[in-house]
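Trainee: Below is a structure I'd like to ask you about.
Derivation of every value follows stated rules applied to the coordinates shown; laboratory data play no part. Since this is a predicted model, take the numbers as computed values, not measurements. Here the Cβ positions follow ideal geometry from the backbone for every residue, glycine too, while neighbour counts run over all protein chains shown.
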Amino acid sequence: MALSDVIVAPETRDLVELARRLEQWLSSRLPGATNIRVTDLAYPRGAGQSHETVLFDASWNHGRRAHTQGCVVRIKPRSFTVFPDTLFEEQYRVMKRLAEGGEVRVARPLWFEEDAAILGNPFFVMEKKQGRVPVSIPPYAREGWLRDASPEQRRTLWRSAVEQLAAIQRVPVAELGFLKGPAGAEQGLAQEWDKYVRFTEWLEEVAPQPVLRDALELLRAQWPAHDPEGLVWGDARIGNMMFDHDFNVVAVMDWEQPSLGGALHDLAWFCTLAETMHGPNSTYGAHLEGMGSREETIALWEALCGKSAAGLEWYELFTHFKMTCTGIRLGHLRGQPMMDEPTMRKRLRVA
């Protein structure tokens, strides 16, 4: 099996049985439909590590008309839970609002199912978009269609990605009240901070986390003055975007950790991942010419969304903290040894 064929889904199941169950379920969602068929089921390749996600095609007849719909089913995690907050219904509602508003390109949500008896947990179905994704396995900067693209094509991709990143900040937070956090941390930086303080406490149920505690103290001591409001996508990177053959964004994907935490979290995450994956000092030693620099990304984002990125450095440090929390949790779920303390302190810049 080639690296590009690796399935990284957290859970897998019998796809023949899944097709049967989905056909039965669709009969209740498509009144009057006959000859319902679910075919071509497959797990996405090289992406998706927190939710079981399966692609499929649905077809049916309604009267004399034949209908087809490419679909994706996303199933709420059971045992493989990466985050302490499972915002499953919230991600569906965010995508529904974005699809209806048209500010951000997302796959259109079709149905939400609360009954866990059907597939073992609640799930939702959205439309299947056609395009290409810069996958993490194998790293897109090492091999694949983006590596093979010209600098001019990569420039188009970068600009389109930043345009969507900025478009997220044009969504009125007043229309997303269902994303508010707990009392005292309803929105803004306080909401994201509360989430990761609780994440640290959650990780300590398995093992003490002195480095994370030290990093939290350091971050708190340097608390930023600039906290512009805004929707948080949660995993802002080109690896969570789908592109057409003209290198323009088709869909912004993976809304599993949304919040009202503020405008700078996604920008910081995007810049940090870009540097790690394909920047001049890439972890993979594979710089992609044509992709905008950190400074270019910030300037374009500010111009497009009308918000200031002042103090972004703090949010980038916080991004490293968030990524470390997620990495520790994923390592535990996979039975991998935890990162050694010196490496963790270097990453988090904790003496």
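Trainee: As a test of understanding, state the convex hull volume per residue of the stretch 310-351 from its alpha carbons, in Å³. If you can, show how the numbers build up before the last one.
Mentor: Working: hull volume 2.0 nm³, N = 42.
Considering the Cα atoms of the stretch 310-351, their hull volume per residue is 48 Å³.
Trainee: Right, next: So what is the orientation-averaged projected area of the chain, using the convex hull of its C-alpha atoms, in nm²?
Mentor: That works out to 18.8 nm².
Trainee: Let me ask another. Give the Debye-formula value of log10 I(q)/I(0) at each listed q (0.11, 0.20, 0.22, 0.26 Å⁻¹), with one equal scatterer per alpha carbon of the stretch 273-351, two decimals each.
Mentor: -0.41, -1.05, -1.13, -1.23
Trainee: Give the calculated FRET efficiency between LYS346 and ARG20 to the nearest 0.05, with a Förster radius of 35 Å applied to their Cβ-Cβ distance.
Mentor: Working from the Cβ atoms, E equals 0.10.
Trainee: Test of understanding: ordering SER150, SER259, SER293 by Cβ neighbours within 10 Å, fewest first, what list do you get?
Mentor: Details: SER150 11, SER259 26, SER293 14.
Taking fewest neighbouring Cβ atoms as first place, the list is SER150, SER293, SER259.
Trainee: With a Förster radius of 41 Å, plug the Cβ-Cβ distance of ARG29 and TRP145 into 1/(1 + (r/R0)^6) and report the FRET value to the nearest 0.05. Before the final figure, lay out the partial values.
Mentor: Values: r = 35 Å, r/R0 = 0.86.
The formula returns an efficiency of 0.70 here.
Trainee: Here is the link list: LYS128/LYS195; LYS96/LYS180; LYS76/LYS128; LYS180/LYS346. Which ones come out longer than 22 Å on Cα distance?
Mentor: LYS128/LYS195; LYS180/LYS346
Trainee: Still on this model: For the stretch 3-127, just the Cα atoms, rotate onto the principal axes and tell me the three extents in Å, largest first.
Mentor: 47, 36, 31
Trainee: Please give the FRET efficiency for LEU55 paired with MET323, using the beta carbon to beta carbon distance and R0 = 30 Å, rounded to the nearest 0.05.
Mentor: Approximately 0.65, to the nearest 0.05.
Trainee: Same structure again: In the stretch 306-322, whose amide N lies under 19 Å from the spot 7 Å out along Cα-to-Cβ of GLU217? List them in ranges.
Mentor: Inside the label zone: 318, 321-322.
Trainee: Please give the helix 189-203 orientation as an angle from the longest Cα principal axis of the chain, in degrees from 0 to 90, rounded to the nearest 10.
Mentor: Relative to the chain, helix 189-203 is tipped by roughly 80 degrees.
Trainee: Only four residue types carry charge here, +1 at the Cβ of Lys and Arg and -1 at the Cβ of Asp and Glu. Report the dipole size of the chain about the Cα centre in Debye, rounded to the nearest 20.
Mentor: Dipole size: approximately 660 debye.
Trainee: So, one more: Computed from the mean reciprocal separation of all distinct C-alpha pairs, what Kirkwood hydrodynamic radius does the stretch 114-171 have, in Å?
Mentor: Answer for the stretch 114-171: a Kirkwood hydrodynamic radius of 14.7 Å.
Trainee: Just from its helices, what would the mean residue ellipticity at 222 nm be for the chain, if runs of 4 or more DSSP H residues each count -39500 (n - 2.57) and the sum is divided by every residue, rounded to the nearest 500 deg cm²/dmol?
Mentor: Values: 10 runs with 135 residues, N = 351.
The helix-only estimate for the chain comes to -12500 deg cm²/dmol at 222 nm.
Trainee: Next up: For helix 88-101, what angle does its Cα long axis make with the longest principal axis of the chain, in degrees from 0 to 90 and rounded to 10?
Mentor: Tilt relative to the chain: about 80 degrees.
Trainee: Moving on to the next point. With point charges of +1 on the Cβ of Lys and Arg and -1 on the Cβ of Asp and Glu, referenced to the Cα centre of the stretch 141-285, which listed residue (TRP233, SER160, ALA190) lies farthest in the positive direction of the dipole?
Mentor: My answer, from the dipole projection, is SER160.
Trainee: Still on this model: Determine, for ASP85, ASP148, the number of other Cβ atoms within 10 Å of each Cβ, and report the residues in order from fewest to most.
Mentor: Taking fewest neighbouring Cβ atoms as first place, the list is ASP148, ASP85.
Trainee: Scale the Cα Rg of the stretch 192-351 by the rule-of-thumb value 2.2 N^0.38 Å and send over the ratio, two decimals.
Mentor: That ratio works out to 1.08.
Trainee: If each residue's Cβ is checked for other Cβ atoms within 10 Å, how do ILE118, ILE328, ILE238 rank with the fewest at the top?
Mentor: Listing ILE118, ILE328, ILE238 from fewest to most nearby Cβ atoms yields ILE118, ILE328, ILE238.
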